[in-house]
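The values are calculated or read from the model by the stated rules, or taken from the named source; none is laboratory data. Quick caveat, the model's predicted, so the values are computed rather than measured. As a convention, Cβ positions derive from the backbone with ideal geometry for all residues, glycine included, and neighbour counts pool all protein chains shown. Heads up: the accessible areas ignore ligands, DNA and RNA and are worked out on the full protein's heavy atoms, side chains in. Shrake-Rupley method; radii C 1.70, N 1.55, O 1.52, S 1.80 Å.
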Amino acid sequence: MSLEVRAVVESEYADWLRAINTGFLRPPVVSDEEVADRLPHTDLSRVLGVFDGGRVVATFRSFTQELSAVGGGSLVADAVSGVTVSATHRRQGLLSRMMAHDLAAAKERGDAVATLIAAEYPIYGRFGFGPATWTTEWTVDVRRAGLDPRRTGRPEDGGRVDLTDGEEIRKIGPELHRRLAAIRPGIVGRDARGWDVGTGRAFQSTPWTEPFYVVHRDEADQPQGFAAYTCDDRWEDGKQPLNTAKVKDLIAVTPAAERALWHFLCSIDWVTTVKSGYRAPDDLLPLLLPDPRAARVTTQADMLWVRVLDVAKVLEGRTYGASGTLVLDLRDAAGLAGGRYRLDASPEGATCVPSTASADLALDIAELGTLSLGDESVVRLAALGRVEELVPGAAARADALLRTSRRPWCPDIF
């Protein structure tokens, strides 16, 4: 029987969710409560399934997302999620068919990019995606950190850190998240449902553990950051505490708030270990400790992948700290965004238009995705053979235009 790729209808949604659970090796059970909770927030026209005799054997979903660009602007993204192929139907081109369908629709809508979080690294490069942000997790040995155990809980900046609850986080969190997006590229939008899920208000597919919440307020009593964390209850034989605090979410929009929140987390009585959760690779955390060696890297991996769909929107939608011109020859096997483009950039703005001029650099569209948020070095990609330098010195010139002083960061998995 032929395999049909199409959007699911409401009566098939529970089977589609069950197929996702199967693909991600979770128990293949879906409750009526989960369906009722998810369905009102789901655009079924963008929920694809592959059907074999009425059974869903592959899944794919996309939704509209805002992605923060370099300089505080935003790009409209086609966010890809829920991608699975059942083990019985692997290596039959099902993902390629679903991806081609979705990216063509995104291009038709005028989306600037597509985004995703990759469960496996090797899959998505062939579709034009490149890793644009990376993430790091630290495990802090609090006893080695060097913080004064006699210090009070009051931050040094004159503000304060207060315990709070999920209700307040749902009120103050969205504005802090928007402020973070204005100063850091790579931030994806977090809608009201995202805040409800993140604070336990919406349906949870796994048992919910209510975290502790703290908020940092400055001297003017204005929120500048918050953290959510959980703690275990572990003691060694000699009745000595060995508790671990795990950070679930931490957003800070000022260095003072960031310092205050990390110092608070590393000073909780009975806590001997702090796991940072996924942070930007250049997070301030290690250097906020008197002994940075107390923070050991336990995860270092790719995070947000970007697929450029509109070259001009991507390159004109960011700011530049220097002036210069680049002509890029872009290869795109899918035929969605390839061609030759001239970028004229300066701190005052940028234009990017098709061009017939000789190219400075030749690269695949996936490499432009990797470069799009300012994290990667063109010189480094050229050394790896992933960018061809057609004019001597062009890679270094491109780095001067494209790279950012702070690395992009995506704190959200979707």
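The Cα center of region 301-361 and the Cα center of region 127-161 differ in position by 35 Å. For region 301-339, run through the trypsin sites (Lys or Arg not before Pro) and keep only the ones in DSSP coil with at most 11 other Cβ atoms within 10 Å of their Cβ. Counting only loop positions with at most 11 other Cβ atoms within 10 Å, none of the trypsin sites (Lys or Arg not before Pro) in region 301-339 qualifies.
Would you list VAL85, VAL253 from the most to the least accessible area, probe 1.4 Å? Mind dumping the intermediate values first?
On the way: VAL85 50, VAL253 20 Å².
Final ranking, largest accessible area leading: VAL85, VAL253.
Peptide packing: for 382-393, 282-293, the average count of neighbouring Cβ atoms within 10 Å per residue gives the ranking 282-293, 382-393, highest mean first. Figure note: ASP232, ASP269 ranked by solvent-accessible area, largest first, 1.4 Å probe, ligands and nucleic acids not counted: ASP269, ASP232.
Cross-link partners for LYS246 among the lysines, with Cα-Cα distance under 27 Å and sequence neighbours closer than 8 places in the same chain left out: LYS171, LYS275.
With the highest mean first, a sort of the peptides 4-13, 370-379 on other beta-carbon atoms found within 10 angstrom per residue produces 370-379, 4-13. Only lysines eight or more places from LYS313 in sequence, or on another chain, were considered; those with a Cα closer than 29 Å are LYS107.
Whole-Hz Karplus values for region 407-414 come out as 6, x, 8, 10, x, 10, 9, 9 Hz, taken residue by residue from phi with 6.51 cos²θ - 1.76 cosθ + 1.60 and θ = phi - 60°; glycine and proline positions read x. Considering only beta bridges that DSSP places wholly inside the chain, some 85 percent are antiparallel.
For every helix of n ≥ 4 consecutive DSSP H residues, a contribution of -39,500 (n - 2.57) applies; sum these over the chain, divide by its total residues, and give [θ] at 222 nm rounded to the nearest 500 deg cm²/dmol. Let's see the in-between values first.
On the way: 10 runs with 98 residues, N = 414.
The helix contribution divided over the chain gives -7000 deg cm²/dmol.
Within the accessible area of region 142-205, the carbon and sulfur atoms contribute 47%, probe 1.4 Å, all protein chains present.
What does the charge count near GLY153 come to, summing +1 for each Lys or Arg and -1 for each Asp or Glu among other residues with Cβ under 15 Å from its Cβ? Charge balance near GLY153 sits at +1. Would you tell me the accessible area of LEU3, worked out with a 1.4 angstrom probe on the heavy atoms of the protein chains, in Å² to the nearest 10? Estimated to the nearest 10 Å², LEU3 gives 30 Å². Diagonalising the gyration tensor over the Cα atoms of region 188-243 and scaling each eigenvalue by 5 before taking the square root yields semi-axes of 29, 21, 7 Å, largest first. Shown here: the chain, whose C-alpha atoms stretch 67, 57, 39 Å along the first, second and third principal axes, sorted largest to smallest.
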